[in-house]
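Worksheet for the structure shown next.
The values are calculated or read from the model by the stated rules, or taken from the named source; none is laboratory data. Keep in mind the model is a prediction, meaning the values are calculated, not measured. Because the Cβ atoms are built from the backbone with ideal geometry, glycine has one as well, and the counts that use them run over all protein chains shown. These accessible areas exclude ligands, DNA and RNA; they are computed on the full protein's heavy atoms, side chains included. Shrake-Rupley method; radii C 1.70, N 1.55, O 1.52, S 1.80 Å.
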Amino acid sequence: MSTTAKKFDESARGEFARFGTTRVHPGELLRHPVYTRFLHWSVAIFFILSLLSGFAIYSPWLFRWITPLFGGGPRTRALHPWFGLLFDVFFLFQFINWFAPMAWVESDRRWMKRMRQYVTNDVRREPEDVGFFNAGQKIYFWLILVSAILFLITGLLMWFDDVVGRWIVAVSYVIHDLAALLMLAGFIIHIYEGTAHQPGTFRSMMDGTVTERWALTHHPAWFRAVTGRDSREAYEREKRQEER
Ligand code: HEM
């Protein structure tokens, strides 16, 4: 990541911290500052608007209940590329914001080997080497980047379809729709992981904080890095307190 992008990200974090606050109570840790939350929800809003308007364009009959939300069929078609562009713009800032913690590291390869146990809830606590994001979260992030690039290229080709040949436009339709399906699958898994599968995660995107217990259960290496405490010891202590 270039130093200009890093500097921009740092100053944006500072500016946003002046407008919104994140209260961290005793026993809690700051997970996502105001700027990150603003970007995440902006990406989410424009993703959902793109998805809904895209469905209505894809199958006007099946999704005819959607078009009135956007003011009718022609307006839905006119708005969709703008929703998509705004999704891409916000994701670009999110990409800069999360580039560093999303870097693939050696421990992610080990996490991938244990993915089955993670999905089936066989482990009560993540291994010691899981940092700020786990490998599954990183894969989702990089998939969004690939899809965002594909949406942009194919979307522009379909938008300005008189500039290129018919077959290029036809291939763009297929790629655009496949990318949307991939994103839809990722989105469903993401909502499940961020809410029901990992209780205590959703609040990190609302008020910006998590409990220390959540951190040492799901991201022990991050817990160690921010508190300087041994996560295994802290977990055992929490367990003993709970049993009392
Ligand atoms: C609307 C429902 C959504 C909910 C409830 C939700 C919830 C969350 C939560 C709680 C986190 C923080 C996870 C953590 O700190 O470990 C998160 C992170 C993230 N969100 Fe969302 N989100 C939603 C929509 C979206 C959408 C539409 C996108 C992009 C298309 C998105 C992309 C991400 C990414 C890349 C991360 C970081 C990696 C990860 O945690 O998977 N989210 N989300």
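Using a probe of 1.4 angstrom and keeping all protein chains present, the accessible surface of the chain works out to 59 square angstrom per residue.
Just name one of 219, 11, 107: the one whose Cα is farthest towards the positive end of the charge dipole of the chain (beta-carbon charges, Lys/Arg +1, Asp/Glu -1). Comparing the listed Cα positions along the dipole, 219 ranks first.
Under a 5 Å amide H cut-off, with hydrogens placed 1.01 Å from N, residue 210 pairs with 29, 31 among residues at least 5 apart or on other chains.
What is the sum of charges, Lys and Arg at +1 and Asp and Glu at -1, for the other residues whose Cβ falls under 14 Å from the Cβ of residue 70? All intermediate terms of the calculation are to be shown ahead of the outcome.
Values: positive: 64, 75, 77; negative: none.
Taking every Cβ under 14 Å from that of residue 70, the sum is +3.
Rounded to the nearest 500, what is the chain's calculated 222 nm mean residue ellipticity when only DSSP H runs of at least 4 contribute -39500 (n - 2.57) each, over all residues?
Details: 10 runs with 161 residues, N = 244.
Counting only the DSSP helices, I get -22000 deg cm²/dmol.
Residues in the range 117-122 carry Karplus couplings, in order, of 4, 5, 5, 8, 6, 7 Hz; the curve used is 6.51 cos²θ - 1.76 cosθ + 1.60 with θ = phi - 60°, and Gly or Pro positions show x.
What FRET efficiency comes out for the pair residue 64/residue 236, r = Cβ-Cβ distance, R0 = 51 Å, nearest 0.05? Display every interim value, and only then the final one.
Values: r = 57 Å, r/R0 = 1.12.
According to the calculation, E is roughly 0.35.
Arrange the peptides 169-176, 208-215 so that the one whose residues have, on average, the most other Cβ atoms within 10 Å appears first. Write down the numbers at each step before the final one.
Numbers: 169-176: 15.1, 208-215: 20.0.
Peptide ranking by packing, descending: 208-215, 169-176.
Working from the Cα coordinates of the chain, the gyration tensor eigenvalues give, after taking √(5λ), semi-axes of 38, 20, 18 Å in decreasing order. Here the range 143-185 is scanned for amide nitrogen atoms under 16 Å from the site 7 Å beyond the Cα of residue 205 along Cα-to-Cβ, giving 143-145, 183-185.
Counting only protein heavy atoms and using a 1.4 Å probe, what share of the accessible area of the chain belongs to carbon plus sulfur, as a whole percent? Walk me through the numbers before you get to the answer.
On the way: 9660 of 14470 Å².
Looking at the chain in its full context, I get 67 percent from C and S.
The share of Cα pairs per 10 Å bin across the range 1-134, counted from zero up to the longest distance, runs 10, 25, 27, 26, 12, 0 percent. Net charge dipole, the range 83-208: roughly 420 debye, given to the nearest 20, about the Cα centre with Cβ charges of +1 for Lys and Arg and -1 for Asp and Glu. Each Lys and Arg contributes +1 and each Asp and Glu -1, all at the Cβ; summed about the Cα centre of the range 1-158, the dipole is approximately 240 debye. For the range 163-170, 3J(HN,Hα) computed residue by residue from phi via the Karplus equation (6.51, -1.76, 1.60; θ = phi - 60°) reads 8, 10, x, 4, 5, 5, 5, 4 Hz, glycine and proline entered as x. Pairs from the list 113/239; 6/239; 6/113 with a Cα-Cα gap above 29 Å: 6/239; 6/113.
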